[in-house]
1. From the list A:Ala254, A:Ala294, A:Ala282, A:Ala267, pick out the single residue that is at pLDDT below 95 and either under 16 Å from A:Glu324 (Cβ atoms) or of a type in the set (A, V, I, L, M, F, W, C) (or both).
2. Confirm whether A:Ala2 is closer than 25 Å to B:Ala139 by Cβ and near DNA strand D (Cβ under 10 Å from one of its atoms).
3. Against the condition more than 39 Å from the chain's Cα centre (by Cα), within 12 Å of DNA strand C (Cβ to nearest atom) and of a type in the set (Gly, Ala, Ser), how does B:Ser19 come out, does it pass?
4. How about the stretch B:196-220: which of its residues are out of contact with any strand residue (DSSP E or B) (no Cβ under 9 Å at 6 or more places or on another chain) and touching a residue at least 24 places away in the same chain (Cβ under 8 Å)?
5. Can you tell me which residue is nearest to DNA strand D (Cβ to nearest atom) among those in the stretch B:48-70 that are part of a helix (DSSP H, G or I) and in contact with a strand residue (DSSP E or B) (Cβ under 9 Å, 6 or more places away or on another chain)?
6. Could you grab me the full set of residues in the stretch A:101-122 that are modelled with pLDDT of 95 or more and more than 12 Å from chain B (Cβ to nearest Cβ)?
7. From the list B:Ala151, B:Ala86, B:Ala166, pick out the single residue that is of a type in the set (A, V, I, L, M) and free of Cβ contacts under 8 Å to residues at least 24 places away in the same chain.
8. In this structure, does A:Gly65 turn out to be modelled with pLDDT under 95 and under 21 Å from A:Cys97 (Cα atoms)?
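The values are calculated or read from the model by the stated rules, or taken from the named source; none is laboratory data. Since this is a predicted model, take the numbers as computed values, not measurements. With ideal geometry, Cβ positions are generated from the backbone for all residues, glycine too; neighbour counts draw on all protein chains shown.
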Number of protein chains: 2
Amino acid sequence: MATLQEVAHRARVSIATVSRVLNKSDKVVPETRAAVEQALRDLGYRPSRVARRLRMNSGRAHLVGLIIPDIQNPFYAEIARGVEDAAYASDYALLLCNSDENPEKERFYLDVMRDESVDGLVLPPFDDTDPAVVELVRAGMPVVCVDRSLAQVKTDLVEVDNYRGAFEAVTHLLEKGHRGIALIEGRSEVSTSRERRRGYVDALAAYQLAPRKELMRSGDFKQESGRVLAGELLDLRKPPTALFVCNNLMTVGALAALHQRGRRVPADVALVGFDDLPWAEALDPPPTVVRQPAYEVGRQAMELLLKRITAPDRTPVTVRLLPELIVRRSS
Amino acid sequence: MATLQEVAHRARVSIATVSRVLNKSDKVVPETRAAVEQALRDLGYRPSRVARRLRMNSGRAHLVGLIIPDIQNPFYAEIARGVEDAAYASDYALLLCNSDENPEKERFYLDVMRDESVDGLVLPPFDDTDPAVVELVRAGMPVVCVDRSLAQVKTDLVEVDNYRGAFEAVTHLLEKGHRGIALIEGRSEVSTSRERRRGYVDALAAYQLAPRKELMRSGDFKQESGRVLAGELLDLRKPPTALFVCNNLMTVGALAALHQRGRRVPADVALVGFDDLPWAEALDPPPTVVRQPAYEVGRQAMELLLKRITAPDRTPVTVRLLPELIVRRSS
DNA sequence: TTGTACGCGTTATCAC
DNA sequence: GTGATAACGCGTACAA
């Protein structure tokens, strides 16, 4: 834990000189430079990121924040990896937090980010209008949204075409001859849910089918709610012949419900999920899914953030990535 | 982004007074206190964690680091949640990084941790003797190891009884009548692998069975290596009748290899894995596993770290948690 | 080319 | 009770 002071003393120069050789400002004669570098090595000097951050205006902390709902969800884990790899490639460290979609935790971590003077933030805003986030953006914090966008303020955004993904998934089921197609969505108020629902409805409409309320259920994106909702649907007097489940965890839950009731997939009931799963091939059966390029979402978000940090006044851009229907054996 | 200075000015007091009301030091008369609190609210003041960290000796950053190999591995994701929840409960933020078991990345993040003056670190040391970690511990950084321990220096440690877990798993297979039991382990040099192998060998010995080299394979903890190694074993002239696979990802890979070759589980070949999977119930078949209490590992590690931060001279303790054999349908 | 000195936002130790 | 003021470690404008 040597300081500039100590290095300077050992090299018999001033701290300014040491700072100069550190910051590559070339106005230092080779011999003193050599002496300083020697002292640096001897003491194993490392600059304090804390002191540096305090001194400098901003944009040089080389630290960014990422707030996601749940790192145990493979979709977010993959985004996180994309963000981190891109950050690491540029020598940025990552302050990673789980909000659990809990406003209190989200607030806490948002405060931490600000109080730590991070250079920027990437996040899937859990609430269109969260005043804390909006305020932060207005205060000049570089923010890149992923997956979902902010209503009241414009930021860089990396999103996936949810409408198209859902439309293709449901069309795929329709082409297989299904007409009773149920929808299991996540929390209905978030924008991604709305778009997927729209894709579902429009796909049905293209086949002259009206959406039936009893076949549309809202959950909370968790495994358990997928299990429960699929169960309810299967227990209907006229159960659906196919399930379109709007996220990965709920898909796993739906599969469990199917097994519990001894329904064969896809013979009795077909299934298409949203989000791919790393273990898809080992599932019973491997599910057909709409795969979101999550790693790419994270990577591009981080890259956008880096650009914004270096040029805070760029006009915000939106990157829209395409999902891909992966047909496996559940449909 | 108001500072103490501005608040003081607005409340017509000195910064010292403001600092006093913030730090609850009660030597301030009610009326001035009220005035200050008003100013605080008006300006939406938040203390800078950076400045605070620079000023204070240590142990008050309310920031700890966690370095894990791979957040996409459910085992580590669960540990991370345990750590984070415990941290959050004590108002600590978490600097979370993935090392990929890559020495270069590990080194980078370790440096970041030190340079950020984090209060402490929890990590599964990827190398018994990593000089960077050892040095950090010697320099006084509070460190709690999880899952694996450091050879050259003593730290707090939260581990799982790997030997016993493996012993029980293999004994379970032996009781089912299996005699040709193969072992698929991760990187053979890490301590957890050694212990699990020991459990495997001893369990066989208890049944008067000698371990057979051709049935013992080492991989790298990744899904693909599980698939490849299981494939090799199944293609043997005298293939094993049961597989004991030493981590979660490799278990999924082994399952895939089994399916590829049309082997029925457990009718043709039985399978027991190490580490539970959140999607276990949806796998084909749901695998019997040795479940490690990963969340608890993380939680207790963070709690130990908090104790060490407040009392750096405590003698290090080791917490050993018990794994649990969960019998499902693959054995 | 090198050194001195200030300020970043805090906390804590003095005086008053 | 309250107010100056000295650190904490660093970058940099300015002086030498």
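1. Matching residue, one of A:Ala254, A:Ala294, A:Ala282, A:Ala267: A:Ala282.
2. Answer is yes for this residue.
3. no
4. B:Arg198, B:Gly199, B:Asp202, B:Ala206, B:Tyr207, B:Asp220
5. First, pick out the residues of the stretch B:48-70 that are part of a helix (DSSP H, G or I): B:49-55.
So of that shortlist, the ones also in contact with a strand residue (DSSP E or B) (Cβ under 9 Å, 6 or more places away or on another chain) come out as B:49, B:53.
Values: B:Arg49: 13, B:Arg53: 9 Å.
Filtering first and then ranking leaves B:Arg53.
6. Selection gives A:Asp119, A:Gly120, A:Leu121, A:Val122.
7. B:Ala151
8. On the way: modelled with pLDDT under 95: no; under 21 Å from A:Cys97 (Cα atoms): yes.
So A:Gly65 fails the test.
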